[in-house]
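Take a look at the structure set out below.
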């Protein structure tokens, strides 16, 4: 946590196996009193459809509750799946963790 912003850092391949491990941490952040969540994908090498579904679900839950999500995802291989599905234009994505934190007023 950074003030009232929860930070979830992800590394490796954001696939079904990692989503299973990440879901409890993300759910805890979603249940917390944090007004915003930053998900840091800077150390992610691949995002598959289960990773996209996890992030979309988090975005929808936060948006419905009037809270913010910011995703740190550099341009390149990490962002490719989002570009292919045009979700890079719908999800709040930023080049760096610092940019994501600044977007939610924590940087």
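Values for this structure:
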quantity: Over the chain: helical MRE at 222 nm, DSSP H runs n ≥ 4 each giving -39500 (n - 2.57), nearest 500; calculated: -13500 deg cm²/dmol
quantity: Beta bridges per DSSP with both ends in the chain, % antiparallel, nearest 5; calculated: 5 percent
quantity: Translational D in µm²/s for the range 5-103 (Stokes-Einstein at 10 °C, 1.306 mPa s, Kirkwood Rh from C-alpha pairs); calculated: 121 µm²/s
quantity: Order of 104, 38 - criterion: other Cβ atoms within 10 Å of each residue's Cβ, fewest first; calculated: 104, 38
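Every read-out reported here was derived from the displayed coordinates using simple, explicitly stated rules and does not represent laboratory data. Quantities reported herein were computed from a predicted structural model and do not represent experimental measurements. Here Cβ is always computed from backbone atoms with ideal geometry, including for glycine, and neighbour counts include all displayed protein chains.
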